[in-house]
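One structure coming up, written as structure tokens, with questions to follow.
The values are calculated or read from the model by the stated rules, or taken from the named source; none is laboratory data. Bear in mind the structure is a predicted one, so any value in this text is a computation, not a measurement. Neighbour counts are summed over all protein chains in view; Cβ atoms, including those assigned to glycine, are modelled from backbone coordinates with ideal geometry.
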Amino acid sequence: MTEREIRASFVNCSKGEAGRLRLPAAFADVPWAELDFLGWRDPGAPDRGYLVVPRADRPVGVALRASQNINRSFTKTTLCSLCLTGHPGSDVSLLAARRAGAAGRQGDSVGAYMCADLACPLYLRGRKQSRLVVRYREGLPLAERVARMRGNLDAFLEKVLDGAR
């Protein structure tokens, strides 16, 4: 995807906001073949994150905000609700997205606990490792884990898009 396509994909922020958002630092080196979606956190605004998901008709981009008031334990394991990767509690964040359309303009939002770095596809493929001392191995084949993640992601996106319907 091009920078222009990514900026045009955002459904829950203004065109101006989408035009000002910072793309990932290594955007030119994004491993597109290994990604089911592009997710990143804004290094200049640590409470902001972004997801861009290729869909059948067009890519869908969602701006996210990290919750500020959650103290997560370093000693407990927390699961990402998208990819189900186990992380120390500090590596999973509650990320909220304004709903698209009128509902979002009125302040309605949806949230989910996600990998704090939004690198779910890389965790599933073993290209990135959780910082857990004891890692859990899942018996499902990669294709099924990816399909499950996509289903979880699609369910989250449907909640965001429901505000525009």
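Filter region 12-30 for residues that are in contact (Cβ under 8 Å) with a residue 12 or more places away in the chain, out of contact with any helix residue (DSSP H, G or I) (no Cβ under 8 Å at 6 or more places or on another chain) and surrounded by fewer than 18 Cβ atoms within 10 Å (Cβ to Cβ) and give the result.
Scanning region 12-30 gives 17, 22, 24, 25.
Then there's this: Pairs needed: first member in region 47-72, part of a strand (DSSP E or B); second member anywhere, at pLDDT below 95 and polar (S, T, N, Q); C-beta distance under 7 Å; at least 6 residues apart or different chains.
Between residues of region 47-72 that are part of a strand (DSSP E or B) and residues that are at pLDDT below 95 and polar (S, T, N, Q), the close pairs are 66/93.
Here's a follow-up. From 55, 137, which residue is out of contact with any Phe, Trp or Tyr (no Cβ under 9 Å at 6 or more places or on another chain) and closer than 21 Å to residue 11 by Cα?
On the way: 137 fails: closer than 21 Å to residue 11 by Cα.
None of the others qualify; the one that does is 55.
Right, next: Those residues that are modelled with pLDDT under 95 and buried (at least 17 other Cβ atoms within 10 Å of the Cβ), I need them from region 101-112; list them, please.
101, 103, 104
Read through the list (1) at pLDDT below 95; (2) over 20 Å from residue 122 (Cβ atoms); (3) touching a Pro at 6+ places or on another chain (Cβ under 7 Å), then give the number of the only condition that residue 1 fails.
Against the list (1) at pLDDT below 95; (2) over 20 Å from residue 122 (Cβ atoms); (3) touching a Pro at 6+ places or on another chain (Cβ under 7 Å), residue 1 comes up short only on (2).
Something else about it: Among the residues of region 107-130, write down those that are part of a helix (DSSP H, G or I) and closer than 24 Å to residue 162 by Cα.
Listed by number, the list holds a single entry, 120.
Taking the condition more than 15 Å from residue 39 (Cβ to Cβ), small (Gly, Ala, Ser) and either part of a loop (DSSP other than H, G, I, E, B) or at pLDDT 95 or above (or both), does residue 163 pass?
Working: more than 15 Å from residue 39 (Cβ to Cβ): yes; small (Gly, Ala, Ser): yes; either part of a loop (DSSP other than H, G, I, E, B) or at pLDDT 95 or above (or both): no.
No.
Next question. Any chance you could count how many residues in region 1-41 are within 26 Å of residue 146 (Cβ to Cβ), within 18 Å of the chain's Cα centre (by Cα) and in a loop (DSSP other than H, G, I, E, B)?
Residues in region 1-41 being within 26 Å of residue 146 (Cβ to Cβ), within 18 Å of the chain's Cα centre (by Cα) and in a loop (DSSP other than H, G, I, E, B): 13 in total.
Might you let me know whether region 149-160 holds any residue that is of a type in the set (Phe, Trp, Tyr), modelled with pLDDT of 90 or more, farther than 14 Å from residue 60 by Cβ and within 15 Å of the chain's Cα centre (by Cα)?
Among the residues of region 149-160, not one is of a type in the set (Phe, Trp, Tyr), modelled with pLDDT of 90 or more, farther than 14 Å from residue 60 by Cβ and within 15 Å of the chain's Cα centre (by Cα), which makes the answer no.
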